[in-house]
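Okay, so here's the structure we're looking at.
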Amino acid sequence: MTGRAFLVVIDSVGVGGAPDADRFFNGDVPDTGANTLGHIVQACAAGQAEDGRSGPLRVPTMAALGLGPVLELADGLTDHGISTDVTGAYGAATETSLGKDTPSGHWELAGVPVPWEWHTFPNTEQSFPDDLIVQICEAAGTGGTLCNRHASGTQVIEDEGARHVRTGWPICYTSVDSVLQIAAHEEVFGLDRLLQLCADLAPTLHAMKVGRVIARPFVGDAVSGFNRTAHRRDFAIAPPSPTICDYVHAAGRKVHAVGKIGDIFSMRGIDDCTKGRDAKLMDDLQGLAQTAQPGSFTFANFVEFDSEYGHRRDVSGYARHLEWFDAELGKLIAGLTPEDLLIVTADHGNDPTWVGTDHTRERVPVLVHGAGARALGQLAFTDVAASVAAHLGVSYDGEGTSFL
């Protein structure tokens with residue numbers, strides 16, 4: 001029981017090739033042909049990602065784990081320029097859940113495909129039904145709400161922040177994902193008040209099969225600008241059946257969460273959770289490589305690929321973050337023991353070269369340190385959970401087949 005397992009989700013780093021991409025859309029455009037990593041690689045090689053960085057994408061750690069062959073396996077992309085001796089195990093995983101969102105991807109990676117279709121709100125000027133708006137106003141103690149439409153989280157506070165400060169009304173918005181997001185000023189509206197509002201609304205939204213109510217606090221003013229803080233919190237539906245976290249916890253092992261994992265799984269089967277910006281989360285993860293107990297499971301999510309760069313369609317920023325992560329990943333691997341297993345994967349795509357601002361339906365990479373150097377081929381998301389269970393030697397009745 002000396003070996004540990006580390007599952008790291010680099011949020012939205014898809015590799016294209018989803019066989020059902022034509023069923024998912026950004027506006028009226030199907031996701032067919034979207035490839036988050038592949039298109040970033042091509043943009044870098046063409047000199048189109050030069051803001052704060054320059055030249056071809058440099059990710060030697062992930063390249064050594066098999067990132068180049070994964071792009072070929074997932075989407076047939078051969079002109080990726082990521083070539084090195086491969087020392088890891090690698091594959092491309094395909095999702096079955098009918099969503100390209102955070103809960104769908106993470107639950108399925110944890111062994112539980114979503115057994116229902118999520119409820120989403122229409123992309124109209126009034127996205128939310130009147131009875132829900134009334135409930136939000138009653139819970140918030142306000143005379144109204146702002147926005148009530150599909151919107152970008154960063155753009156909406158720029159558009160509505162000053163009016164929110166003036167009226168005290170919460171900013172309510174959504175996207176193509178199954179989500180109600182509520183933005184409010186930490187000082188004017190109050191952080192605790194915002195979190196309580198989202199907690200009070202969550203049971204109603206969950207009963208509608210809306211996956212998450214997300215608190216989106218921000219600070220600032222109309223003169224200096226408004227900025228979101230690190231105090232985001234997701235109030236998500238609990239998974240409908242046991243996940244890998246539950247199985248490991250039931251076996252008496254420690255389960256550590258890093259990032260928004262605790263929110264995604266409603267802290268079920270999780271012993272502790274750290275939150276913050278990605279740089280702080282990387283420090284936490286590298287610390288756990290030094291301190292986590294034998295036989296433990298660490299589940300981490302790095303969200304800024306998605307929230308800061310994918311939705312904003314910022315190719316240079318996405319490339320910079322990939323290069324930062326890759327350098328830190330090398331340090332993480334150096335802190336592991338020979339008995340440890342590390343899996344780096346993603347939950348969906350968010351191609352920064354694509355139309356719109358929403359996620360893209362894609363396959364995801366599965367890069368493995370601690371399982372030898374070999375091709376794993378085409379995988380299911382659930383194979384990740386089965387492999388973690390096999391490595392830790394815990395009983396597992398979920399879906400998937402171990403690739404170990």
Listed by chain and number, the residues whose amide H is under 5 Å from that of CYS273, excluding neighbours fewer than 5 places away on the same chain and using placed H, are ALA257
Among bridges DSSP assigns within the chain, what percent are antiparallel (round to 5)? 40 percent
Once ASP221 and ASP192 are pulled to full extension, the length gained, defined as 0.36 nm per residue separation minus their Cα-Cα distance, is 8.5 nm
With Rg and Dmax of the Cα atoms in Å defined as stated, name the option among (i) 21.5, 80; (ii) 21.0, 67; (iii) 20.5, 62 computed from the structure displayed. (iii)
What nm value, rounded to one decimal, do you get for the distance between THR291 and ALA373 when each label is placed 7 Å out toward the C-beta? 3.5 nm
Between ASP314 and GLN48, the two model label points (7 Å from Cα along the beta-carbon direction) sit apart by a distance in nm of 1.9 nm
Averaging sequence separations of C-alpha pairs under 8 Å and six or more residues apart, then dividing by the length of the stretch 1-54, give the relative contact order as a whole percent. 28 percent
Please give the net charge around ALA162, taking every other residue with its beta carbon less than 15 angstrom from that of ALA162, where Lys and Arg add +1 and Asp and Glu add -1. -3
Phi-based couplings in Hz for the stretch 14-19 (Karplus 6.51, -1.76, 1.60; Gly and Pro marked x): x, 10, x, x, 4, x
Would you list the membrane-span-like helices of the chain, meaning whole DSSP H runs whose alpha-carbon atoms span at least 20 Å along their axis and whose mean Kyte-Doolittle value is at least -0.5? 191-207, 315-334
If you take the Cα atoms of the stretch 115-211, find Rg, then find the Kirkwood Rh from the mean of 1/r over all pairs, what is Rg/Rh? 0.94
How are the alpha carbon pair distances in the stretch 355-394 distributed across 10 Å bins from zero to the largest one, expressed in percent? 22, 46, 20, 11, 2
Out of TYR318, GLN135, ILE270 - ranked by how far each Cα lies towards the positive end of the dipole of the chain, with unit charges on the beta-carbon of charged residues - the top one is ILE270
For the stretch 176-328, what is the convex hull volume of its Cα atoms per residue in Å³? 140 Å³
Once the dipole of the stretch 144-259 is set up from charges on Cβ (+1 Lys and Arg, -1 Asp and Glu), the residue from the list GLN196, CYS245, PRO217 lying farthest towards its positive end is CYS245
If packing is taken as the mean number of other Cβ atoms within 10 Å per residue, what is the order of 390-396, 56-62, highest first? 56-62, 390-396
Net charge near VAL315 (other residues with Cβ under 12 Å of its Cβ; Lys, Arg +1; Asp, Glu -1) is 0
What percent does the relative contact order of the chain come to when contacts are Cα pairs within less than 8 Å and at least six residues apart? 30 percent
Under a Cβ-Cβ cut-off of 13 Å, what is the net charge of the residues other than ARG4 that fall near it, where Lys and Arg count +1 and Asp and Glu count -1? 0
LYS254: which aspartates and glutamates have alpha carbons under 15 Å from its alpha carbon, excluding same-chain residues fewer than 8 sequence positions away? ASP246, ASP271, ASP272, ASP340
Considering Cα pairs under 8 angstrom that are at least six residues apart, work out the relative contact order of the stretch 222-299 and quote it in whole percent. 33 percent
Once both label points are put 7 Å beyond Cα along the C-beta direction, the THR84-LYS331 separation in nm becomes 1.7 nm
If you place +1 on the Cβ of every Lys and Arg and -1 on the Cβ of every Asp and Glu, how big does the dipole about the Cα centre of the stretch 35-142 come out, in debye to the nearest 20? 480 debye
Explain nothing, just the number: dipole magnitude of the stretch 223-297 about its Cα centre with +1 on each Lys and Arg Cβ and -1 on each Asp and Glu Cβ, in debye rounded to the nearest 20. 180 debye
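Here, each number is a calculation from the coordinates, and none is a lab measurement. This is a predicted model, so every value here is computed, not measured. Note that we place each Cβ from the backbone using ideal geometry, even for glycine, and neighbour counts take in every protein chain shown.
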